[in-house]
Structures are given as structure tokens and as C-alpha cells.
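A short write-up of the structure that comes next.
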């Protein structure tokens, strides 16, 4: 790619970005769109605009910048604040590196007279500013070696500062005086078989009462809620349907036709006899309500699983219990800190120890295969979805497809479509796989899935693009002599060639990506379409604009990809640094706006994402350092071994951070929960927070029912 | 080695063993030797013989066999019982494998007609009974493949059973109703700097009182005892010397010379003026006593370190506290279960977090270098200690050394002597290195050192002997193309050739080793020499026969070497199995006798050695399986890939065992300490058990001294 086409693509992207910002400015001022641009405020019951009318089109930037970390924590939680720590850490690394590297390396590279550059007419002026322009064995390489150290040092220093800061944030949030139900509970899994003559509930109660005599409050046995949940969902569905039908019916009562038209529907999807919707729904709701009650009773009594939540009377006791090995056989009575009620994955709680281990192993194998060989099924599918096959399967497409223009386009793009569909579905697949591991909480699933996605994009996008051109050529060479050195060489040799590609990639990513993010064009269009054609009731409208959360599972790995790219090219082609700064700077601004006004977090993990981000920035740093070692040796720089200590030092740093910080993220330190809570905790409310919604409507007959999953007292307890 | 020389060496060893047994039978019946052969009983205050006079020479075998595990636990503790579980597990593996393999594999190998065997005159009749006799690609190899699976299966099954059993033993011992001080205490390290206006003691007390309000009993700040310990040791030394001088003086008062001769000595070693020993000692003791008191006061007040023991009022609280992360910064206030008072390594307690990590890393590097390159310094030293150099340095040796016979012998053996001295010192070096890591308890140091010794002997004795012959030839080949496959091939190719060597090695080891062990000739001789020429007082005699403990640090790795050897040859040359059975059978008998009557364990770790033994038996199994894969492919057996699942399965098994059992060895499960103790624990006595001996004589002035390391109450406490 030469300079002019690079500049063209850059300008185009920039214009698109400006258009997006203008659209945002225009649309966000219309009151009707406040649910799209200020849903977070509406959900929190605030006025969406707060004196907005008079403000300038760029007031949002000022608001983003002036908002403090405390604002973010109070509005969007610690997880979001930690995400901004991540963004500003990377920004800090890039700004400080750029300030030193750009004024020093660009002249050094630009004034060098490489033989390559002169003879090779493919050299663009961009490449003249990169290390590629420096000739082999040149003493100028010392500057680049020093720069490699500088970038590494900045990265480690910023990471260290950030880990300390996040650690503080987490500690402060955990020790906050508000009552958090999850701090009073632990999740117990792998409870052994119920002994003869005891109920599960009695077993759990007596076990924990004997071990935590003074602090045990009560327990809740986890039940298999699949059936009852289905009925409950059905009930919700019919209630919604009823509300919708009634709205339609009310709307049809025009002045011209005061009796209205009662809406009708078919009994099942597309077939069955037609019935009056309102009557039908009412009938169904009645049946389901009684069915729900029976199933609730049945679930609570008969479907008790081998796991339970155990509640304690104070935070210290629960925290301490969650970290203590309970049973002699450590594969029974395993305890962990209870997840927040809203992020519990109920269906995973019942999984047994070995089932979880097995599932984890299987998932790892599947993910490894997907990451390494995902092209194989794609190729297979795209081979299958040729035009010919399509025509055979869907004959009604024939008249359209046979048009010559359509045919050409389709034939050219069908294989890519398969790939795009796969890439779009990949995060969902990874979420599904992570869930299948048996992880009990949503935030943990997001972390697991984000990790898998990171491996995927680093391997396929970054290393894939870099090497793919030369891979086929060199694959035989690699197989013949697959040593580590070869891989380092390969990386070093090919990376610089793709510099311009990645420059464009980063630019595109932030102009288009953040433009779309800020303008929220897609949710805007979907919402307006839904409201116009689908939504009949207030609840449906509300559902249509529900903003969702920031979606770390794909956002973080994508950001990390950019970190990896920019770090790797930071010394080879320092011009990439401003693009990186722009990406994280604009990202910080736009997401700050979105966090303050749009997204509503669906869970809070108190910054447990941080060690993952930290670890992966370090991984990016090590990839960068290894690449540099390779590139220096390709440049036949005699002193390239001086770069070898860098990755070793990074690994030591990683181990040290793990030793110093990780355990306080993995567990809650006792120190942070020893602060007194503001109010005396209402233990009953804490307990009720953990009752799954589908069972919450169940009324107990306290006098009769002992030993069922939710009962207040065990037999021994009730005799008091 | 041909068959006849093998038989000769076997017979010789056997005769020596019989002689040892006879010596034991003869010596152990003499009452004067009871302190050598029954010290354990004497220490426990039992009658050493219990009607021994009439019994047969082999009564000890009957006693060993009839003693139960409970006997062993009550006499020698859980650690010894676990060692016997280890011995009997290996014995079980070998007996069951042997029963199946010997009758089936020996005929299959013996009747094969290998071309190699016929053409190669070096083949001994022993080798005719091994896999070496089976020709390439022979279908007979199926039997050996099957045998590989059989041995693997037996090993895994026995290990699983043993792990379960040891787990039970540990649980039972930990939950025993007796009061164990270490179950009421935790060791806290890395306490941050003392805040302004507080003493260390107050800091610790207030910290733990706030976190464990109901269960905190008191704390004891660890002090730097180096100085006070030195004075205390000196004091002990002079008291001993005084007792000895008085005994000599008393003995000199014969009827002929009733006034006696007062013993004299030089003030310092070999020089200084002569003084009267009794007076001198009395004077020194007086000075030291007052010096000790001053130094005790000084130590307790001024030399407080950043670690402490914290005592709790019940076992559950202490167990739970030891497993809970306390501080937000996990490198401060780190907690672990307190070691037994008798096995605390005081000088390690004060080490800081990063110092410990750094020391550990350095020690690992040193050990790795020692294991891999120990031959280099040895070669260097032996080059230096040539006869010529010796004569130069120690000229008085000249007349002796210049004798032609002596010269020949010395010249031949001097390099070996350096090696032997190194090997004899190695366990001490490894113990020293493990201690230098900053480990707080003796049992942990023994485990760490035993692990290091295992790597050393496996790498150097086993793999070293196997490969050394061919190594120099193949070293270039390896360097050129160091793939895993090459190493497997190398192992497979060379191992069978050393079969006879290792057969002899195992035989020698058990005949001579256990013969010496049973007869206790060395301690016997040393004791009698000491008693005759050195010991003057009762205490000195007692010290001379103190039996010491079983010394797992070298015993376990040596046993594991035999396990590795026997497992590796079990299928290649099944004749080795009976030797293995004999080794572990005789070992079991002899050590049972020694555990019951001789050794006195110096600590109790409740079987924490087991996971190490288990892991290393598994490592031996994997070495065996990899060797077999290599050997099958050398035999050009088409179906050798069928052996590949074996090591994979072993690794899965190892991971599973780790997940299932390890945590209950690493920590004390809460379940086992919830049993009520027999008596109400005397907390004061528990606390006193942890006062180091050199400080125990210190008298407190309770009314004045607050905030010093051992004080009973902090200011807040004393106001009650």
C-alpha cells in the first residue's frame, strides 16, 4: 500500500467519523431519542438532559473529561472504572513512549540511507520513517535497542502503578459499608449423598452448624429449576402476550368502531385453529399459575441438588469460610465465595466436581482446535454453500440468483460470507463454551470467554496476517526444523512488512468503530423499527431500548489486539504510536460518555477482570520483545543479544505481580470486610435475594414443611 | 557382566547380609547394647527386652510382622506409618506385577530366537530371559505391550488406594482429641512497619483482635534470637564442661590420692594460660547467666521481627484463619498454619516476602546447576588434588606417599575420593540450601531437600549410568537435532544394555544396606568408642546413643531410585522384579524393627511427605512408560503407538489426584478439627510451648512491661 492510498483511506475514515459525530450531536438533542442516548440516566430515574438544550455540540467531551473515577464507580460500578484504568494505562504507556520515541527515532530512521530502500522501489515514504530504512549492522540500531528498553520500562511501570491502583479500588469497594448479600453467603458444591434418615437441608445445616456454630445463619439448597423456570417463562410470555392483545384491542376501539376487534391468533406457531387471544391467554395463564405452584412445590421438595448457598451472620465469617478447606475429601463440600444473585448461572450450580473438571478439559480442547483449525470447517461450509447448492436447496432463489450481476457478486462473496458469519458468531460460541465449563457466575464466564477470544484474535488476526503471506512458502522450512529461533526469526522478518496494513487497520477501527459506538446508529434504527412495527405496550418499548452492558467479552480482547499491534510496531515504525494514542484517547472519551449515559452494567465483579487484562498486556509486551529480538538479529545487529533479558524480565515481573496481587483478586481479604457495615444487615433480605425468581412467588407452609430446599429452619432449629 | 560373575557378586552380598543378621542377633541380646538396639523403648521408659532372653534369633521378624499400623502410629507417629504405606504400596505393585509377569514373560522371552542373541556372543543367559532376546517385529512383543499396561494399571490402582488410605490416616491423626499446640496457632509473616505510637505487639494484637474478635487469644512476636541463642548455647556448653570436669575430679580421688587432681585446661583452644577448669567454668557460667538475662531482656524488647505467632481459643478458628487471606496487600500479613514448636526454624521466621521469593529462585538455580553440572567442580578439585600437589601442601605426607604401593593406590583413587566426598556431603548441602529458602519448618525442609536429592540421583545415577556410555558418541547427534523423539529413542536403546548392572546394584543395595541398617554396626562402634574414651558424665553417654530419626531426606529418594529402576526394567527384564520385592520386603521388615525399637522421630508432619512420594512414584512410572515406547519402536514393533496413551493417562491421573487429595495435605480441613478435644485446652501451656528455649528462662515483670514480644497482655488487655 503506498502513501497516497493510505492517506485516502485515512481521510475517508476520518470523514465517516465526523459524520457519525454530527449524527450523534443532531440525534441526541431530540427528546424522543433520549432513551437511546441517555438510557442509563432514565433507568436511574434521572432527568436525561440536565440543562442540555443550551450546550454546545461537544459538551459531551467536556462531561467525559470532567467526570471523576468516583462518578464512574457510583454510576457504573468498579468493573467499568477498572476498564477505564486499563484504557488510561495503555494511553499512558503510548503517550510517554511516543513523546520520547517520535522525536528521536523518526529522524534517525528518516536520514538513514538503506541500500534496500534505494534499490527497492516498493518502499513508501511511510516505510522510510521506519526501522526498515536503517541498513544492516548500522550503529543507528543502538537507538532502536534503547527504545525497546524504554517502551518496556514504561509498560512495566504503568502496569505496576495500575495494579496498585486497581487493588485499592477493589479493596475500597469491597469494604464499603453498604450491605452486599454476596458477602454474607458462600456457595457449597459437591455435597456428598444424603445420609439415611436426613433430608439434604438437615445434612447441610448440621454440617455447617457444627463447623461454624456461632456464625451460621441458614442455608438454601439449590434445586433443579429447569422445569419450573420453563413454566415461569411461559407464564411471563403469556402475560406479555395478554398485555399486548389488550393494547391492540384498546387501540382498535376507534370512535368509528367502539366495540373494537378482538385480536385472534393461531394456537401454535403458523398452524392450529384460530382462537381469541385475550381469552386464550387468560385461560393459559390460569393453567400455568396452578401448574407453576405444583411444580414449585415439587422442585423445592424433590429436585434438590448437591449444592447449596450457606448464609452467615457476618461478613468476616462468610469470607473466612469461603477460603477454608472444609472436608477431608477435598472433592466434597467444596466452597467458594457466593456470586452476586443477579449473575448466578443456576443451571451450572448442580454440576459435580468431576463433571466440571471433565467439561473444562473438553472445552479447552475444543477451543484449542477452534483457534488453530477454524479455517477447516469454514472452507468446508463455503465449499458446500456454492451457488449451485444454494439453488438446489432454496429453488425459489433461482430467478434472483440467475441475474448476471447478482451472480457475480454472490460467487465472489459467498465464501467470505461464511467466514463473516463465523466470526460474528464466534463470541457467542465462546460464551456458550465457557458457560458449559460449569462456571457458577456470569462475570467469570465473561472473563473466561474474553480470554479465549484474545487467543483467537492474536493468533489469527495478528500473527495470521503477519505470517500468512510468507507462511505457505516457509511452512516446509518450519516443519523441517521447528526450533524456537526459527519462529522468532519468522516473526521478526515478516512483521515490518505488514506495518502499513496494521496502521490502516487501527485507524479504521477507531474512526468507524468509535463513530458507530458514539452515534449508536444500529440500536437507534432497531429501536425505531421495533417501536413502529412491533411494540404495543409500555413494557415492550422499554425492552426495545434496554441498553445492555459494555460487553467486556469482546471489547477487551479487541482493545488488547490493538495494544499488541501498537506495541509490536512502536519501535519498528513509531508512526503507529499516534494512531494508538488516538484509538485509546477517543475510546476513553466515547466510552466515558457511554458509561455515564448509556450502558447499564448487568453485574459487578469488583475488578476481577483486571488480572486478566494485566496478564494479556504483559503477553503483548513479551510478543513485542521477542519480535524485536528477531528483528534485530535479521538486521544483523551484533548487539541484539542485549534484548534477550527483556522477555525474561517481563516474565519475572508477571510472576511477581501474581505473587503480590493476585490472591487479593481471587479471594476477598479478611481485612477489607472487617469494617463495620452502616446498618445492621437484614439477614432475611440477604437470604431472600438468593431465591431464584421462578421460585420467589412460592408460599411456604412453615408449620408443615421441614427439610425442603428453602425452609427457614431445620428440625433442630424449629424446636427452639 | 556374565552370569557367573553376577552370581558370585550376589552370593557374596548374601553372605555378608547373613553375617550382619548374625551380628545383630548376637549383639542385640547383650544387655549392655540395649541402648543401641532398643533406644526408642528406653526413651519411652519401657523395659527394652520384654522377656527377650528366651526368644529365637528371628523373633524380631515375627514382631515386625505382627505389629499393626496403630502400633507404629502410637510409637513412631503418622510420618513413619506413611513411610510404611509407601513401602507396602511399592511392594504390592511389584508382587502383583511379578505374579503375572514372571510366569508369562520369561517363557515368551526365553523361547524366542533372536538373531542378535545367536550372533552376539556377549549375550548372557540373563539377557536371554529379557526382551533383548525377542527379535524385531515379532508378534511376541504383544505380550510385552500388554505387560506394560498391566504394570501401569497395578501402579495406578495401588497408588489410588494408598492415597485414600494416607488421607484417612492424616485425617484421623489431625482430628485426634489430644491437644496439639500447633492446631491453636498460626504463623504470621510480613507484618508491615509498626505505625507511629504503637509497639509491634500492640499492632499485631489490635489487628487480629479486630478480625477475630471472639476467638483471638494472644500473640507472640518473633524475635531475632541469634545473640541470645549463642549465649544460651555457650552456657549449656560450660555447664556440660563443668559436669565433666567434676566427674573427672571425682574419679581422680582414688584411695591413694584422696585429694584428687583438679582438671586444668587452656583458656582458648590450644593456647592461652592454663586455668583450673572447675573454677573457670563456674566463673564463666556466672558471667553468662547475667549476660543471658540482659540479652533476653534486650531481645524481647528491641529485637522484635516482622513475624509473630497468633494463638486462638479453638482449633476451628485457628485452622480457618490460617487459610484466609488477611491483608488487602497479599504480600503483607501472610498467614500459614503454625509448625510444631519442636520443628520451627527460628532463624527463617524473620525473612521478608521478597527475600524468601528471591532466595527460593536462587536456590532453584543453584540446585539445577548442581544437578546438571556437578561433575565440573569435582573434576576441577580432583585435578587439583593430585599426588604432586598434595605433597607440596602437606609435606609431612611425603615419606608415606612415596612408597610405590601407596602411590599406585592413591593415584588411582584420588579422583574418586573427591567424588565420594561430594556425594557424602550432597544431602547436607541440599538440606542447607533448602533451609536457606526461608522455609519455617523442619519437615518442610526435609521434603524440599528430599525432592532435590531425587532429581539428582534420578538424573545422575539412573539416566547417567544408562546413557553415559553412549552419551559422548551421541552428544553431537543430540545437539544437531534435539527433538523429544530422539531422547525417547536414546532411553529405549540404552536402558536394556544396563539391565545386569542395575540388577547387581539393587541386590547390593538391599543386602549390604539393610544388613548394616539392622545390625547398626556403625552406631554400635561409635557409641562404644565414645563411651570408652570421651564420655565422662551420664548426659554425655545418653547423647552418645541418641538414635536420631529415620532420615527421610535421603532414605526416600534412595528408595524411589530403586522404584524407578525396577519399574523401568519390570517388562524389559522381568527377573529384576524378585530383587525389587526382596528390597522392599526386607526393607519393610528391617525398618519396621528399627521404627519400633530404634528411631525416635524428631517431628510429626501428619503424612505431608506422602504427596511427594506419590508424585515421584508417578514420575518413575512415566519414565518407565516413555522408555517402553522408545524400546518398542527400536524393536520396530508396528503397534508401539498403542503404548502412547499410557504416559498421557498417568499425567491425567496425577492431575486428578492433585485435585482430589492435595489440598487436604496442604491445609488442615475444617472438618477434621471440629471434633471436640478430650480436655479443655490449656491455652497458657499452648502458648508457652512456642517460647523458644533460649528465652524460656526469662522472668517477666508483668506490671511494667507492655508491648514486648512475649508479654501476656497488651495495654487494652491488661486494663481488664
Practice problem: Starting from a label point 7 Å past Cα on the Cβ side, list the distances from residue A:531 to the same position in the other copies, nm, shortest first. | Solution: 10.4
Quiz item: If you count, for each residue, the other Cβ atoms within 10 Å and average over each peptide, how do B:660-667, B:640-647 line up from highest to lowest?
Solution: B:660-667, B:640-647
Exercise. With r as the distance between the Cβ atoms of residue B:5 and residue B:342 and R0 = 56 Å, compute the FRET efficiency 1/(1 + (r/R0)^6) and round to 0.05.
Key: 0.70
Quiz item: Name the residues of segment A:284-300 whose amide N is less than 16 Å from a point 7 angstrom out from the Cα of residue A:243 along the C-beta direction?
Solution: A:285
Exercise. Among A:591, B:426, rank each residue by its count of other Cβ atoms within 10 Å, from fewest to most, as a rough exposure measure.
Key: B:426, A:591
Practice problem: Rank these for me by crowding, A:284, B:351, going from fewest to most other beta carbons within 10 Å. | Solution: A:284, B:351
Self-check item: Prolate/oblate/rounded call for segment A:615-657, Cα gyration tensor, a/c under 1.5 rounded
Solution: oblate
Self-check item: Approximate spin-label separation residue B:161-residue B:676, in nm, with each point projected 7 Å along Cα-to-Cβ
Solution: 3.8 nm
Practice problem: Just grab the label-to-label distance for residue B:355 and residue B:102, each label 7 Å out from Cα along the Cβ direction, in nm (one decimal). | Solution: 5.7 nm
Exercise. Please say if segment A:228-296 is rounded, prolate or oblate, where rounded means a/c under 1.5 for a ≥ b ≥ c the square roots of the C-alpha gyration tensor eigenvalues, and otherwise the choice is prolate for a/b larger than b/c and oblate otherwise?
Key: prolate
Self-check item: Difference of contour (0.36 nm per residue) and Cα-Cα distance, residue A:206 to residue A:392
Solution: 60.3 nm
Practice problem: Partner chain Cβ atoms within 10 Å, averaged over the residues of B:653-664 - can you pull that number for me? | Solution: 3
Quiz prompt | Cα shape, segment A:125-256, gyration tensor, a/c 1.5 rule | solution = oblate
Quiz item: Can you put A:540, A:405 in order, fewest other beta carbons within 10 Å first?
Solution: A:405, A:540
Exercise. Along Cα-to-Cβ, 7 Å out, sits the label point; list in nm, shortest first, how far the one on residue A:104 is from those in the other copies.
Key: 7.1
Practice problem: Assuming R0 = 51 Å, can you tell me the calculated FRET efficiency for the pair residue A:540 and residue A:649, based on Cβ-Cβ distance, to the nearest 0.05? | Solution: 0.35
Quiz item: Distances from residue A:658 to the same residue in each other copy, label points 7 Å out along Cα→Cβ, in nm, shortest first?
Solution: 1.2
Quiz prompt | For residues of A:209-216, the mean tally of beta carbons on other chains within 10 Å | solution = 3
Quiz prompt | Shielding by other protein chains, A:330-340, mean Cβ within 10 Å | solution = 2
Quiz item: Calculated FRET efficiency, residue B:18 and residue B:44, Cβ-Cβ r, R0 41 Å, to nearest 0.05?
Solution: 0.85
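Values in this text are rule-based calculations from the coordinates and carry no lab data. Just so it is clear, the model here is predicted, and its values are computed rather than measured. All Cβ positions, glycine included, derive from the backbone under ideal geometry; neighbour counts span all protein chains shown.
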